[in-house]
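To keep things clear, I will list the structure first and then write my remarks on it.
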Protein chains: 2
Amino acid sequence: MTPPRHNLRVDGSRLWATIHETAAFGGTPAGGINRLTLSREDGAVRDWFRDACLAAGLEVGTDALGTQFALRPGRDGARPPIAFGSHLDTQPTGGRFDGVLGVLAGLEVMRSLNDAGIETEAPLLLVNWTNEEGSRFAPAMMASAAHAGEFTTADILSRRDAAGISVAEALAEIGYAGEEPVGARAIGAFVELHIEQGPILEAEALTIGVVEGGQGIAWFDGTLTGFESHAGTTPMNRRRDALLGLAELALAAERIALAHAPSAVITIGEAVIAAPSRNVVPGTVRFTIDLRDPQAATLDAAEAELRAALGEIAGRRRLEAELTRIWRKAPVPFDPRLVDAVETAAGALGHPHRRIISGAGHDACNLAGIAPAAMIFVPCRDGISHNETESATPEDCTAGADVLLHTVLALANGPKSE
Amino acid sequence: MTPPRHNLRVDGSRLWATIHETAAFGGTPAGGINRLTLSREDGAVRDWFRDACLAAGLEVGTDALGTQFALRPGRDGARPPIAFGSHLDTQPTGGRFDGVLGVLAGLEVMRSLNDAGIETEAPLLLVNWTNEEGSRFAPAMMASAAHAGEFTTADILSRRDAAGISVAEALAEIGYAGEEPVGARAIGAFVELHIEQGPILEAEALTIGVVEGGQGIAWFDGTLTGFESHAGTTPMNRRRDALLGLAELALAAERIALAHAPSAVITIGEAVIAAPSRNVVPGTVRFTIDLRDPQAATLDAAEAELRAALGEIAGRRRLEAELTRIWRKAPVPFDPRLVDAVETAAGALGHPHRRIISGAGHDACNLAGIAPAAMIFVPCRDGISHNETESATPEDCTAGADVLLHTVLALANGPKSE
């Protein structure tokens, strides 16, 4: 077994150049990327990625949902590969780093190992998952979910975009309807490098987030119904103003989240007055609630507190209240051994780091259902993502790729998983 | 001079039958009326009204904006007429009483005086004002405003509806482009009977509202701007959530109104999140504020308090705040002598009554600018108006017409105005 080379580093300049080279596929005037999944631009970057992997000596394959795999054989072909990667599709006004960093840092890991002439025990597998973003086809993260058995391939192939084009048609159009059955590839572990898409690392001047897991999410649709009445003729004490009920609920939701600080977050992202008019007391308000926490018990407690607050407010203000939970996703804890491996690599490389929870969903959260998984975060400016102004520094991208490299090396050369 | 006949009463059954006879013009399946101003249905009810006035021996005229006048001569032709009336147009899903009651009770007053053979000193003038509602052409109350000199006739004639039809064209279409110059009729006083369109009289089990004036109104457009961010990745303490700012402002507005109880009312009737999404922290919220009070000083104080609250909230929550006053209408105090006359009539008739402020705008508020004016309110069920379910009892309508009758008699037979 080759001892890990602790002084090994990726070529940060090459990584940075690669990021900006591929940003031309779907590049926007504002400096972002518009590369919807399975679009012509996505086809172009896939071709580039395939060619780059082939040039790096990797064995390239594509599955029936278009997910691209690039294998670097190990000494022990019987061991399942250590996989890493992310996605090359973007939001319609996306940035240069979301997903892209994870795939291209993976390519840089392969190239750096080649340059150093290092062979690993387990094979390494670089993955570009189809349709992580979900902007064109629902659901988001569809290929990794199908890989993990959450959807059938036929189901996903039949999904259609707003123009009525199916996933199957879009794959055929760009030539990425692959031969491999979805989920056929054994995966020994999966590690995903990604920008944080949040403000914590930047605010704390840290370089690496050691991601412990993905939050649980509960989504609610709610309605508060009072009585629509004339803004001029209805005294304050006779009103049944639905907007004032929502105002109290929004502030209660904030208090409830803060009571479960620092992990819980609660957001009312949509609030619509039915038949709004500047001189009519709002009679009905429809709203959404997004509740997240890494602990299932906290999701339960916060939901109960939200319902209690809503009931109290509605009773006092003589409103009818409805709150329906339309979706709940359990928290995804990442594999402790992999999380430790990420933390060890960050520490060995001397990068300031902290453990962190992923607020957003990622392909790694789906993979966690079938294999040990973990993630590495690097900061992005102002926490902004899904935006053409998305930005990360070359130094942080390089640091993330170095942590990915050493995590992958430790896993591929470590003891076989049980 | 004929002494007032204190035992004189209108014919409540005839009034009620008339209300329901005219409700057929634009009557809706739900029992309401759809009689937009200058529509075919409005033309039909105008024809009916003209014929009914002619049958009652009145001298009928129409001005250049279609307002119908029906004169009952008095003994002293040199005195300006005591005018009363309201409007026969309705909202697109309007009720049977808003406006209609004031015109048809005025007709009933004329008929009752005819039946009793009573001649008044001053002439009496029944008016059906064009376009009180404003649903088809803006502004609302346009004919009475033009009569009071707030708009030129040419200006109003050029206003167009959503289909591009001008007031002039609509008048010609139904044959109501009259010969009389707008504002030419001298008016010695104006009294308008109307349903309250609010809940106060019903709640206090009173029959008559002695209206002291119309509220002042201030309208504002506002914006709160924070920062749009990911609902999953943005910790609560790093958010700049515009909706939470609005929530605090809405509750502050309620407190400010209550601090000026019972007269002040403040309503946030429109609130729109820009680019709403259930998993995005709201970055921008646009809203309206409707502030009303009968006292100009209270409008000033409440506006200052609203601005202070908004500044405090925005500062604490790191939001940008804008608040622009887009309209202000000064309070309209009605003429004390006329208000006393209404109150005296209600008392003499034995109807339980209270002084009240009109929360909505009415033609009488425009007339107050050029003549002594006052209003009489009767209750409507649940305070509902501008709705097909609008409802008032025959007893209350009769009581209101009786108060109108005796108020008009007192004014027409009383001393000349100075």
_Against the condition surrounded by fewer than 17 Cβ atoms within 10 Å (Cβ to Cβ), without any contact (Cβ under 8 Å) to a residue 24 or more places away in the chain and farther than 16 Å from A:Tyr176 by Cβ, how does A:Gly117 come out, does it pass?_
yes
*Would you point out which residue out of B:Ala371, B:Ala302, B:Ala308 is touching a Leu at 6+ places or on another chain (Cβ under 9 Å) and either over 18 Å from B:Cys397 (Cα atoms) or among the aromatic types (Phe, Trp, Tyr) (or both)?*
B:Ala302
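Out of the residues in segment B:381-399 meeting the condition of being aliphatic (A, V, I, L, M) and not in a helix (DSSP H, G or I), tell me which one is farthest from the chain's Cα centre (by Cα).
If we take residues in segment B:381-399 being aliphatic (A, V, I, L, M) and not in a helix (DSSP H, G or I), then B:Ala392 is farthest from the chain's Cα centre (by Cα).
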*Single match in A:Thr225, A:Thr233 (criterion: within 11 Å of chain B (Cβ to nearest Cβ) and either over 16 Å from the mean Cα position of the chain (by Cα) or crowded, with 23+ Cβ neighbours inside 10 Å (or both))*: A:Thr233
*From A:Ala154, A:Ala184, A:Ala140, which residue is in a loop (DSSP other than H, G, I, E, B), open to solvent by 50 Å² or more (accessible area, probe 1.4 Å) and not charged (D, E, K, R)?*
A:Ala184
*With respect to A:Gln197, is the statement that it is touching a residue at least 60 places away in the same chain (Cβ under 8 Å), buried (at least 18 other Cβ atoms within 10 Å of the Cβ) and on the phi > 0 side of the Ramachandran plot true?*
yes
*asked:* Among (1) within 17 Å of the chain's Cα centre (by Cα); (2) among the acidic types (Asp, Glu); (3) assigned to a strand (DSSP E or B), there is one condition B:Glu322 misses while meeting the rest; what is its number?
replied: (1)
*Say we look at segment A:120-131 and pick out the residues that are outside any strand (DSSP E or B) and in contact with a helix residue (DSSP H, G or I) (Cβ under 6 Å, 6 or more places away or on another chain); which of these is surrounded by the fewest Cβ atoms within 10 Å (Cβ to Cβ)?*
A:Glu121
*How many residues does segment B:200-215 contain that are out of contact with any helix residue (DSSP H, G or I) (no Cβ under 7 Å at 6 or more places or on another chain) and crowded, with 23+ Cβ neighbours inside 10 Å?*
4
_Within segment A:345-364, tally of residues that are within 14 Å of another protein chain (Cβ to nearest Cβ), outside any loop (DSSP other than H, G, I, E, B) and in contact with a Ser or Thr (Cβ under 9 Å, 6 or more places away or on another chain)_ = 2
*Take segment A:30-52 and flag every residue that is out of contact with any helix residue (DSSP H, G or I) (no Cβ under 8 Å at 6 or more places or on another chain) and open to solvent by 20 Å² or more (accessible area, probe 1.4 Å).*
A:Ala30, A:Gly31, A:Glu41, A:Ala44, A:Asp47, A:Arg50, A:Asp51
*Mind checking whether some residue in segment A:188-209 is facing another protein chain (nearest Cβ under 9 Å) and touching a His at 6+ places or on another chain (Cβ under 7 Å)?*
yes
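Every residue in segment B:50-91 that is closer than 17 Å to B:Gly134 by Cα and within 16 Å of the chain's Cα centre (by Cα), please.
Hits for segment B:50-91 are B:Ser86, B:His87, B:Leu88, B:Asp89, B:Thr90, B:Gln91.
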_For segment B:365-377: of the residues being touching a Ser or Thr at 6+ places or on another chain (Cβ under 8 Å) and either assigned by TED's automatic domain parsing to the domain that holds B:Val265 or open to solvent by less than 10 Å² (accessible area, probe 1.4 Å) (or both), which is nearest to B:His147 (Cα to Cα)?_
B:Leu367
*Count of residues meeting criterion [of a type in the set (A, V, I, L, M, F, W, C) and open to solvent by 20 Å² or more (accessible area, probe 1.4 Å)] in segment A:53-78*: 6
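Find the strands (runs of 3 or more DSSP E) located wholly in segment A:49-95 whose residues include 2 or more that are more than 23 Å from A:Pro139 (Cα to Cα) and either small (Gly, Ala, Ser) or not assigned by TED's automatic domain parsing to the domain that holds A:Leu338 (or both), and list them.
Hits in segment A:49-95: none.
If you check A:Gly315 against the conditions, is it surrounded by fewer than 18 Cβ atoms within 10 Å (Cβ to Cβ), more than 14 Å from chain B (Cβ to nearest Cβ) and assigned to a helix (DSSP H, G or I)?
Yes, satisfied.
From the list B:Ala205, B:Ala242, B:Ala231, pick out the single residue that is in contact (Cβ under 8 Å) with a residue 24 or more places away in the chain and in the same structural domain as B:Ile357 (by TED's automatic domain parsing). Lay out the reasoning, then the answer.
Values: B:Ala242 fails: in the same structural domain as B:Ile357 (by TED's automatic domain parsing); B:Ala231 fails: in the same structural domain as B:Ile357 (by TED's automatic domain parsing).
Just one listed residue meets the conditions, B:Ala205.
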*In this structure, does B:Glu169 turn out to be of a type outside the set (Val, Ile, Thr), away from every other protein chain (no Cβ under 14 Å) and under 30 Å from B:Glu303 (Cα atoms)?*
no
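Would you confirm whether any residue within segment B:19-29 is part of a loop (DSSP other than H, G, I, E, B), within 27 Å of B:Phe137 (Cβ to Cβ) and open to solvent by less than 20 Å² (accessible area, probe 1.4 Å)?
Looking for residues that are part of a loop (DSSP other than H, G, I, E, B), within 27 Å of B:Phe137 (Cβ to Cβ) and open to solvent by less than 20 Å² (accessible area, probe 1.4 Å), one finds at least one in segment B:19-29, hence yes.
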*Among the candidates A:Ala242, A:Ala218, residue that is within 14 Å of chain B (Cβ to nearest Cβ), over 30 Å from A:Leu409 (Cβ atoms), more than 24 Å from the chain's Cα centre (by Cα) and open to solvent by less than 20 Å² (accessible area, probe 1.4 Å)*: A:Ala242
_Among (1) over 17 Å from B:Leu405 (Cα atoms); (2) not in a loop (DSSP other than H, G, I, E, B), there is one condition B:Ser135 misses while meeting the rest; what is its number?_
(2)
*Are there any pairs with C-beta distances below 6 angstrom linking a residue in segment B:386-405 that is within 14 Å of chain A (Cβ to nearest Cβ) to a residue that is open to solvent by 50 Å² or more (accessible area, probe 1.4 Å) and among the small types (Gly, Ala, Ser), with the two at least 6 apart or on different chains, and if so which?*
B:Glu388/B:Ala30
_Residues located in segment A:228-237, provided they are closer than 11 Å to A:Val281 by Cα and part of a helix (DSSP H, G or I)_ = A:Met236
*From the list A:Val339, A:Val332, which one is touching a helix residue (DSSP H, G or I) at 6+ places or on another chain (Cβ under 7 Å) and open to solvent by less than 50 Å² (accessible area, probe 1.4 Å)?*
A:Val332
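Residues checked against (1) under 17 Å from the mean Cα position of the chain (by Cα); (2) surrounded by fewer than 16 Cβ atoms within 10 Å (Cβ to Cβ):
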| residue | (1), (2) |
| --- | --- |
| A:Ala302 | no, no |
| A:Arg328 | yes, yes |
| A:Thr344 | no, yes |
| A:Ala348 | no, yes |
| A:Ser358 | yes, no |
| A:Pro379 | yes, no |
| A:Ala401 | no, no |
| A:Leu405 | no, no |
| A:Val408 | no, no |
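The values are calculated or read from the model by the stated rules, or taken from the named source; none is laboratory data. This is a predicted model, so every value here is computed, not measured. No Cβ is skipped: glycine too gets one built from the backbone with ideal geometry, and neighbour counts run over all protein chains shown. Ligands, DNA and RNA are excluded from the accessible area calculation, which covers all protein heavy atoms including side chains. Shrake-Rupley method; radii C 1.70, N 1.55, O 1.52, S 1.80 Å.
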